[in-house]
Every structure is written in structure tokens, then in C-alpha cells.
1. Just to confirm my filter: which strands (runs of 3 or more DSSP E) fall fully inside region 119-199 and include at least 2 residues that are touching a strand residue (DSSP E or B) at 6+ places or on another chain (Cβ under 8 Å), under 20 Å from residue 25 (Cβ atoms) and without any contact (Cβ under 8 Å) to a residue 40 or more places away in the chain?
2. From the set of residues in region 158-201 that are surrounded by fewer than 18 Cβ atoms within 10 Å (Cβ to Cβ) and touching a helix residue (DSSP H, G or I) at 6+ places or on another chain (Cβ under 7 Å), which is farthest from residue 297 (Cα to Cα)?
3. Could we say that residue 20 is in contact with a helix residue (DSSP H, G or I) (Cβ under 8 Å, 6 or more places away or on another chain), assigned by TED's automatic domain parsing to the domain that holds residue 142, under 16 Å from residue 107 (Cα atoms) and modelled with pLDDT of 95 or more here?
4. Considering 275, 263, which residue is part of a loop (DSSP other than H, G, I, E, B) and either modelled with pLDDT of 65 or more or under 14 Å from residue 327 (Cα atoms) (or both)?
5. So is residue 50 over 9 Å from residue 186 (Cβ atoms) and touching a helix residue (DSSP H, G or I) at 6+ places or on another chain (Cβ under 8 Å) or not?
6. Within region 16-76, which strands (runs of 3 or more DSSP E) (wholly inside it) include 1 or more residues that are surrounded by fewer than 17 Cβ atoms within 10 Å (Cβ to Cβ)?
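The values are calculated or read from the model by the stated rules, or taken from the named source; none is laboratory data. The structure displayed is predicted, hence computed values, not measured ones. Positions of Cβ are generated from backbone atoms using ideal geometry, with glycine treated the same way; all protein chains shown enter the neighbour counts.
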């Protein structure tokens, strides 16, 4: 549903899947600075909100998802994933329990599928699942946190629920919220630039149908490695203990002399003149472009760093070579290291006895 803040003077709508909120209000860099300094509010009301009630809600979600939730304390924000049986990411939830219900917000267009799955898994348990997107809107009062922890909120709203640096506010209050809180509105471009700079992935941008948690860096913030079984857990444990993920998340500094930012899905290839340029074995399976070794997830112009991006590349791509992101020259910073996984250490003497 279209946000009333799009009627604010200077507001420019974002692109899909965020077209119902503002990309900016006329000064994207100033909006970034204000958000980083705690002086702005970002309208993210296109995100969808799910509320789960009932005395079995936490133990039930604990059995279904990747995070340990059965002991979650009221007011403690966290993240969790729902995986398919092969361990691939299907849903990413930012959530909190208020003592009576679990509140979660998810990507635009995903709540219906999420609710349908949860309803199917209720069985005889005492839980109720409701999509409350029409009643509650998501706003952010703080930049994304790289470790997934809570940011201190500079303001509260009656009837709102805090989820880290986000507020779930009654939707009818959204239009007047910036004035009520004494904050300037900042567009989604500001939030996304700070998210990318913080190396925080976004479902549907830094993920595709094959993504597993290790590749994206969600192991540390959305997965509990010792809590017990859940759907997809076997893959998570196998990669964590014995193998490596096939791909890894990287942060890219883009060539600032190029006017255009590489869009989501743009191919990442090896930079011109690199020793392993366009080797056949470097290509991504199923890629449309010869020599493609990854894809761009998100890109933005940061008020201090300039043009930046997050991308997914093959794990074996050397960390010290230049890349091309949609044809734009880029240098990479490690987010997920190439040696991620394989955490079990086998005593060499035991290995010899096994042989």
C-alpha cells in the first residue's frame, strides 16, 4: 500500500520492490548523514508484518527456524531464517517477543507465503498467526547494525513495538510521524547506502534461489549452531563443520568516475588484466555471461565512501584481484572469508587410525 509520506514535498518514489515508499526527499546525502546521526526516520512501510500469539509460539518457532527462540526474553530483538530441506534460505525474519506475541517484519511480498507455511505447520499447537501489515508499518530510526544487535532508539511511539533500530507503528500514525518525533524523513536510498556500507545483506538482493546462510554471512546473526534440529539444519551443520560454502559475500568499492551504478543482478567478472581473467572454470554455473564469477546484489552512493556495492562471488575467486561489476571496475573487501566453514578439527593421529 502506498505510503502517505510519498506526499511529502520533494519525495521521489523508489523502484520495485520498494515503489510504495520514498527513495529520497530531495537531498540523499544529507538524509544519510541525518540517519547516521540519529536525526532521521526512514519509511520502510512496504515491509510486511506478521504477529504470532499463543503460549507455544516460541518453542514452535524454535523448532521451525534457525535461531534459538525457546528462551528468547521479552524485548530482545533477533533474526531467524526459514530454510528449505536442502538448507537454502526461504525467509529472513527480524523479530522480537513482547511477552504476549512475537512480532516479525519481512521483505515486501513475502508475508503471504510465510503465513501459509506457518499455518501448515501449526498442527495441534497453541499458536495463532496473523498478517498485520494493514495495521502496522515499519520505520527505522537507526542505521542497520552489522552484528544484528539492537540500536538505541531516540524516540518511542505509543502502541509501537521496537525491533532493534526499527519501530512497528500503528499505520494510521505514519503520515504525521516525522513531525511527531521531531525527525526529518530520510529515503530508502539513505538506508540502503548505510546497509551496504555495514555489510548487511538483504533477502532477494544478496540472495537467490540457491543461497545458503554461510554464503551471506547470516551464520553469526541468524543461526544458532547448537540448538538442535530444524528444517535445513543438516546442510548448515555439514558446511559449518566439514565443508566450505560455494560462494561468498563481498563488499565492493566501485570506480567513482562512472556515472551509472551496476543494478541488481549485474554480472561480476574478473578485472581486465588479471592473471586468471575469463578462465572457464571461474564461470558461475548457469551464468549468462562467459567468465561470470558472481552477481551484484545491491549498489548505492555513500556520502563518505562514494559508489559501493555488495556482491556474491565464487568462493575460490582470489581476494586480492580487481573485479568488474556490471562493467564497472571494483576492488573487493572480504565479508565472508574464503575459508568459512570446516570448523571441526580432526586429530591427525585419529585420522591415521581411521585410515
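1. Values: elements: 128-131, 136-140, 161-163, 166-170, 184-186.
In region 119-199, the matching strands (runs of 3 or more DSSP E) lie at 166-170.
2. 175
3. Spelling it out, residue 20 is indeed in contact with a helix residue (DSSP H, G or I) (Cβ under 8 Å, 6 or more places away or on another chain), assigned by TED's automatic domain parsing to the domain that holds residue 142, under 16 Å from residue 107 (Cα atoms) and modelled with pLDDT of 95 or more.
4. Step by step, each of 275, 263 is checked, and only 263 is part of a loop (DSSP other than H, G, I, E, B) and either modelled with pLDDT of 65 or more or under 14 Å from residue 327 (Cα atoms) (or both).
5. yes
6. Fully inside region 16-76 and qualifying: 48-53.
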